[in-house]
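The values are calculated or read from the model by the stated rules, or taken from the named source; none is laboratory data. Keep in mind that what you see is a predicted model, and the values were worked out from it rather than measured. We place every Cβ from the backbone using ideal geometry, glycine too, and count neighbours over all the protein chains shown.
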Amino acid sequence: MTSQACDPRDSRCHGTKCRRRTPRGLLGLALMAGWLGATAPDVLAQNYGVSKTAIRIGGVMALEGPASGLGQDMKAGIDAAIEGVAIQGRNIEFVVLNDSYNPPSTVEATRKLLAEGVFAMVGNVGTPTASVALPILAEQQVPAVGFYTGAGLLRPGVGAIINYRASYAQEIAAVIDAALRAGVKPNQICAFVQNDSYGMAGVTGIVTTLGKQPGATETIAKLEQILAIPDESPERNDIGPVGLYSRNTVLVRNGYNSLKNWEKKTGNPCRLVVTVGAYEPIAHFVAYARKLKREPWVISAVSFTGAESLKDEFHKFDIQENIVMTQVVPALDSSLPIVKNARKALGDRLGYISLEGYIVGKMFLAILDAAGNTPTRERFIEAAHGQKFDLDGLKLDFTNDNQGSDFVLLTLLQGDNFAVIESSDVEKLFIQ
């Protein structure tokens, strides 16, 4: 994405341009030309969710279970964006199935939606769930649009993928770069992550950020050793500066002990602990480390964790300060027209995740409109390829890759809210 000059509270990447530029991402999508060119309109209507009056899209996300807040907020945002809107005379029907953030359920729900006929999959939640859905979508040539994950497996990824958000590598770099400027050494940067592809995407982001730093060789070697272990092996603990927990659990003690063992073994304190997980286990980890063990660590979280749900969990443990969280959407009080419209449409449901859902919904509508009055999946992908969009003041740029936005916003927990801060405010946390 090309940077835009504007209010820093609305869109700025804080100098975080760590994502590998891959023009092949969307150029590869162009190779899908001819997908549906020979398909008759009546077959389109039957198989691909397109009729003269409506277009049916699908989504698979956690609507139940310990990560349900993420899916419910994402769905709310997309629903608000498409409500009452017709594109080229067609209304949008959004059919969402629950997977409880459980990959086998994702496979089942994805196949069910495709069998029923959907034009595209929009707003799916999660990295481990995306990793099993994307091959199915690629096989059946179904666009994957605006998935709620910053993992590298979608950048560019396999199949017809259109991302809205900045990557986890960019989010993590925004915090680590500030820590390094404040004097934190690479071997003092640790992580607490979910033991699956989501957590490993975070570890990969740390490796990317530290790659050119002097004194990072030992740390990177240990991180790469962890990344090389297949599947979701519990043996990833007690190897390097990383603690892990299992998805859909709050069993955080082993991960905490892994970090303490690293500190004891190397003599290097964890001054920054980058967390990459869901809101409930991350809250339990912070409570265990801060409240029970009195650790002085500065702790960060990526946007997927879910600011609204996370602060609700923190409230239970009376945690009220010094948690840095990155966001990939403008500030909730932004003056951008798209944020104003989202506030009006969502009311009390407005939050960082629902705002992202709203943006994803509007992005889908803009691309669909550009695809013309005889929409096919091929034309939809071509409408995004190499193009720029203005979503009521929010700039998206697909001219270089399949990711529209590089924007990263820094926030800091202050009481019961995450307040927007600058990179210099993060630096101050390490020099107090």
Exercise. Counting just the residues of the range 230-248 that are touching a strand residue (DSSP E or B) at 6+ places or on another chain (Cβ under 7 Å) and without any contact (Cβ under 8 Å) to a residue 60 or more places away in the chain, which one comes out surrounded by the most Cβ atoms within 10 Å (Cβ to Cβ)?
Worked result: VAL242
For this session: Return yes when PRO186 is touching a residue at least 24 places away in the same chain (Cβ under 8 Å), more than 23 Å from the chain's Cα centre (by Cα), outside the structural domain of ALA130 (by TED's automatic domain parsing) and closer than 30 Å to VAL125 by Cβ and no when it is not.
Result: no
Exercise. For the range 245-266, does any single residue satisfy the condition of being touching a Leu at 6+ places or on another chain (Cβ under 7 Å) and not in a helix (DSSP H, G or I)?
Worked result: yes
For this session: Determine the pairs where a residue that is surrounded by 17 or more Cβ atoms within 10 Å (Cβ to Cβ), located within the range 420-432, has a partner that is aliphatic (A, V, I, L, M) and part of a loop (DSSP other than H, G, I, E, B) with Cβ atoms under 8 Å apart, the partner being 6 or more residues away or on another chain.
Result: VAL420/ALA331; VAL426/ALA182; GLU427/ALA182; LEU429/ALA182; PHE430/ALA182; PHE430/VAL184
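Quick check, is SER354 buried (at least 19 other Cβ atoms within 10 Å of the Cβ), in contact with a Gly (Cβ under 6 Å, 6 or more places away or on another chain) and assigned by TED's automatic domain parsing to the domain that holds SER68? It would help to see each step written out before you state the result.
Working: buried (at least 19 other Cβ atoms within 10 Å of the Cβ): yes; in contact with a Gly (Cβ under 6 Å, 6 or more places away or on another chain): yes; assigned by TED's automatic domain parsing to the domain that holds SER68: yes.
Answer is yes for this residue.
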Exercise. Can you find even one residue in the range 90-102 that is at pLDDT 95 or above, farther than 30 Å from ASN248 by Cα and touching a Phe, Trp or Tyr at 6+ places or on another chain (Cβ under 7 Å)?
Worked result: no
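Matching residues to (1) small (Gly, Ala, Ser); (2) on the phi > 0 side of the Ramachandran plot; (3) free of Cβ contacts under 8 Å to residues at least 40 places away in the same chain:
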position	(1), (2), (3)
LEU292	no, no, yes
VAL302	no, no, no
GLU313	no, no, yes
LYS316	no, no, yes
ASN322	no, yes, no
GLN327	no, no, no
LEU332	no, no, yes
LEU350	no, no, yes
ALA366	yes, no, yes
Exercise. Filtering the range 351-378 down to residues that are part of a helix (DSSP H, G or I) and either among the polar types (S, T, N, Q) or more than 20 Å from VAL85 (Cα to Cα) (or both), which residue is modelled with the lowest pLDDT?
Worked result: GLU378
Exercise. When you look at ALA342, is it in contact (Cβ under 8 Å) with a residue 60 or more places away in the chain, of a type outside the set (Ser, Thr, Tyr) and part of a loop (DSSP other than H, G, I, E, B), yes or no?
Worked result: no
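Residue-by-condition table, conditions (1) part of a helix (DSSP H, G or I); (2) over 20 Å from the mean Cα position of the chain (by Cα); (3) under 26 Å from THR149 (Cα atoms); (4) modelled with pLDDT of 95 or more:
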{"position": "ALA283", "(1), (2), (3), (4)": "yes, no, yes, yes"}
{"position": "VAL286", "(1), (2), (3), (4)": "yes, yes, yes, yes"}
{"position": "ALA289", "(1), (2), (3), (4)": "yes, yes, no, yes"}
{"position": "SER300", "(1), (2), (3), (4)": "no, no, yes, yes"}
{"position": "PHE304", "(1), (2), (3), (4)": "yes, no, yes, yes"}
{"position": "LEU310", "(1), (2), (3), (4)": "yes, no, yes, yes"}
{"position": "PHE314", "(1), (2), (3), (4)": "yes, yes, yes, yes"}
{"position": "ILE323", "(1), (2), (3), (4)": "no, no, yes, yes"}
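Determine whether LYS264 is of a type outside the set (Phe, Trp, Tyr), touching a Cys at 6+ places or on another chain (Cβ under 9 Å) and over 24 Å from GLU171 (Cβ atoms). Walk me through how you get there before you give the answer.
Values: of a type outside the set (Phe, Trp, Tyr): yes; touching a Cys at 6+ places or on another chain (Cβ under 9 Å): no; over 24 Å from GLU171 (Cβ atoms): yes.
Answer is no for this residue.
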Problem set entry | One residue from LEU259, LEU227, LEU251, LEU223 being in the same structural domain as ALA289 (by TED's automatic domain parsing), in contact with a strand residue (DSSP E or B) (Cβ under 8 Å, 6 or more places away or on another chain) and within 22 Å of GLY150 (Cβ to Cβ) | LEU223
Problem set entry | Pair list, Cβ under 9 Å, 6 or more apart: the range 83-102 residue under 22 Å from ASP369 (Cβ atoms), other residue surrounded by 17 or more Cβ atoms within 10 Å (Cβ to Cβ) and aromatic (Phe, Trp, Tyr) | ILE92/PHE364
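Within the range 161-174, is there a residue that is in contact (Cβ under 8 Å) with a residue 12 or more places away in the chain and among the charged types (D, E, K, R)? Let's see the steps before the verdict.
Step one: filter the range 161-174 for residues in contact (Cβ under 8 Å) with a residue 12 or more places away in the chain, giving 161-174.
From what is left, the residues that are among the charged types (D, E, K, R) are 165, 171.
Yes: the range 161-174 contains one or more residues that are in contact (Cβ under 8 Å) with a residue 12 or more places away in the chain and among the charged types (D, E, K, R).
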Seminar exercise, completed: Those residues of the range 291-347 that are farther than 24 Å from GLU171 by Cβ, buried (at least 19 other Cβ atoms within 10 Å of the Cβ) and not assigned by TED's automatic domain parsing to the domain that holds ALA62 come to a total of 0
Problem set entry | Number of the condition not met by CYS270 [criteria: (1) within 17 Å of GLU295 (Cα to Cα); (2) assigned to a loop (DSSP other than H, G, I, E, B); (3) out of contact with any Leu (no Cβ under 6 Å at 6 or more places or on another chain)] | (3)
